[in-house]
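What follows is one structure encoded as structure tokens, with my remarks underneath.
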2 protein chains.
Amino acid sequence: MPARRKRADALRNEQTLLAAAAAVFVTSGVDAPIREIAARAGVGVGTIYRHFPTRADLVVAVYRHQVEACAEAGPKLLADAESPLAALRQWVDLFVDFLVTKHGLANALQSDGSGFDALHAYFLDRLVPVCAQLLDAAVDAGEIGPGTRAYELMRGIGNLCVGRDDDPRYDPRRLVELLIRGLRRPRSS
Amino acid sequence: MPARRKRADALRNEQTLLAAAAAVFVTSGVDAPIREIAARAGVGVGTIYRHFPTRADLVVAVYRHQVEACAEAGPKLLADAESPLAALRQWVDLFVDFLVTKHGLANALQSDGSGFDALHAYFLDRLVPVCAQLLDAAVDAGEIGPGTRAYELMRGIGNLCVGRDDDPRYDPRRLVELLIRGLRRPRSS
DNA sequence: GACAAAACGGAACACTGCTCCGTATATTAA
DNA sequence: TTAATATACGGAGCAGTGTTCCGTTTTGTC
């Protein structure tokens with residue numbers, strides 16, 4: 001049982017860091033140098049690593065509430081929408097929104113590199129079950145064919161959102177829409 | 001008018017470098033350290049930079065002939081296959097083959113910052129017209145709906161192939177297949 | 001063989017991520 | 001209040017990148 005509670009300056013710094021990281025992420029993307037975030041927060045790099053051992057931990061902390069909102073929207077949409085497929089569409093739209101507005105996040109999500117495993121794991125643990133529920137409902141309703149798994153679909157969507165976001169020739173949403181259409185059960189035999 | 005022709009050792013080194021780079025790319029991906037390629041070729045890093053000022057130049061040179069093969073296969077498939085859509089499928093399959101076997105190349109295809117612009121441009125110049133031809137033929141044959149552009153489709157496919165290739169839960173081909181299915185013209189109005 | 005142009009090699013610089021430990025501070029007990 | 005101790009902090013320092021620069025070596029020509 002921990003008798004001592006967390007020190008006040010540690011708590012303060014954690015908040016400062018989250019704010020600084022959020023600010024830097026919108027400016028320079030989630031790949032911004034750690035030193036830049038440290039400077040912005042007015043702390044040493046050691047402090048960042050103590051609070052958030054990996055970069056992914058920091059990213060997760062910054063975006064946790066938004067991921068949570070996305071996860072909670074799933075069942076809600078399923079209850080409210082016209083059909084399971086409609087709910088799935090709307091949910092995917094939310095997910096894409098989230099990915100493209102945080103620039104670089106989609107890249108980080110697919111990165112197989114050294115330190116993003118935690119981010120990967122967190123997203124998946126939290127969102128894959130939600131996506132699976134929507135998918136299953138649509139299958140049960142006969143709107144889409146079986147065989148596609150939530151993990152794969154989500155990673156596919158994430159991948160489609162990767163890349164520079166200022167290219168008018170490439171709109172991730174159009175391709176995601178194509179992917180969803182490809183999910184539909186064939187009309188004729 | 002350049003009186004002198006290129007020196008013999010320079011030509012020799014260029015070939016050595018291309019071979020070394022090709023070998024290293026399949027081992028460590030296109031992001032392999034320059035020093036590793038230099039060591040493999042038995043030259044200094046300066047020599048690499050002299051022959052290929054940017055990493056993209058090197059990558060382009062190494063994969064040029066494979067891209068060429070893919071480009072040439074387009075019209076051939078269109079002539080031989082049962083239908084334009086079938087040809088498109090087969091061509092996309094070839095394209096995916098190319099992307100996944102050279103792991104990391106898909107990353108290069110979408111990479112924004114580092115300097116893959118040359119590779120990007122080459123890919124696009126060479127392959128987009130081929131893809132467009134197949135796409136148009138399938139539209140004309142009434143097999144798929146209009147509105148999808150070759151550039152966007154190719155980038156989408158490239159993005160879907162991004163990521164670690166040893167994960168049984170994620171098979172790029174399944175998702176690409178979904179994407180192609182999404183292209184199809186709806187059967188019933 | 002002598003000479004200049006071309007090419008080479010790799011040390012050196014700049015910029016990353018990340019660790020480590022001496023110093024400073026907050027909390028608690030006396 | 002003061003002393004003791006756990007906790008947290010800062011940033012120098014290490015390791016691994018890409019890239020440049022220039023003294024040295026090789027090549028081609030006369």
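Here B:L99 meets each of (1) at pLDDT below 90; (2) assigned to a helix (DSSP H, G or I); (3) outside the structural domain of B:R155 (by TED's automatic domain parsing) with one exception, condition (3).
Residue-wise test of (1) modelled with pLDDT of 95 or more; (2) touching an Asp or Glu at 6+ places or on another chain (Cβ under 6 Å); (3) assigned by TED's automatic domain parsing to the domain that holds B:V162.
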residue: B:V45; (1), (2), (3): yes, no, no
residue: B:I48; (1), (2), (3): yes, no, no
residue: B:V60; (1), (2), (3): no, no, yes
residue: B:E68; (1), (2), (3): no, no, yes
residue: B:V92; (1), (2), (3): yes, no, yes
residue: B:H103; (1), (2), (3): no, yes, yes
residue: B:N107; (1), (2), (3): no, no, yes
residue: B:A121; (1), (2), (3): no, no, yes
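Can we say B:L183 is facing chain A (nearest Cβ under 7 Å) and either touching a strand residue (DSSP E or B) at 6+ places or on another chain (Cβ under 6 Å) or open to solvent by 50 Å² or more (accessible area, probe 1.4 Å) (or both)? So B:L183 passes the test. Restricting attention to segment A:142-155, does a residue exist that is out of contact with any strand residue (DSSP E or B) (no Cβ under 6 Å at 6 or more places or on another chain), buried (at least 23 other Cβ atoms within 10 Å of the Cβ) and in a helix (DSSP H, G or I)? Yes: segment A:142-155 contains one or more residues that are out of contact with any strand residue (DSSP E or B) (no Cβ under 6 Å at 6 or more places or on another chain), buried (at least 23 other Cβ atoms within 10 Å of the Cβ) and in a helix (DSSP H, G or I).
Only one residue in A:V92, A:V24, A:V45 is buried (at least 20 other Cβ atoms within 10 Å of the Cβ) and either within 14 Å of DNA strand C (Cβ to nearest atom) or free of Cβ contacts under 8 Å to residues at least 60 places away in the same chain (or both), so which one is that?
After applying the criteria, what remains is A:V24.
Checking each residue in segment A:27-42 for being within 16 Å of DNA strand D (Cβ to nearest atom), of a type outside the set (D, E) and either surrounded by 15 or more Cβ atoms within 10 Å (Cβ to Cβ) or within 19 Å of A:Y122 (Cβ to Cβ) (or both) picks out A:A32, A:I34, A:I37, A:A38, A:R40, A:A41. Applying the criterion of being in a loop (DSSP other than H, G, I, E, B) and open to solvent by 30 Å² or more (accessible area, probe 1.4 Å) to the residues of segment B:48-81, the residue that is nearest to DNA strand C (Cβ to nearest atom) is B:P53.
The values are calculated or read from the model by the stated rules, or taken from the named source; none is laboratory data. Computed from a predicted model, the values in this text were never measured in an experiment. All Cβ positions, even for glycine, are placed from backbone atoms using ideal geometry, and neighbour counts span all protein chains on display. Only protein heavy atoms, including side chains, enter the accessible area calculation; ligands, DNA and RNA are left aside. Shrake-Rupley method; radii C 1.70, N 1.55, O 1.52, S 1.80 Å.
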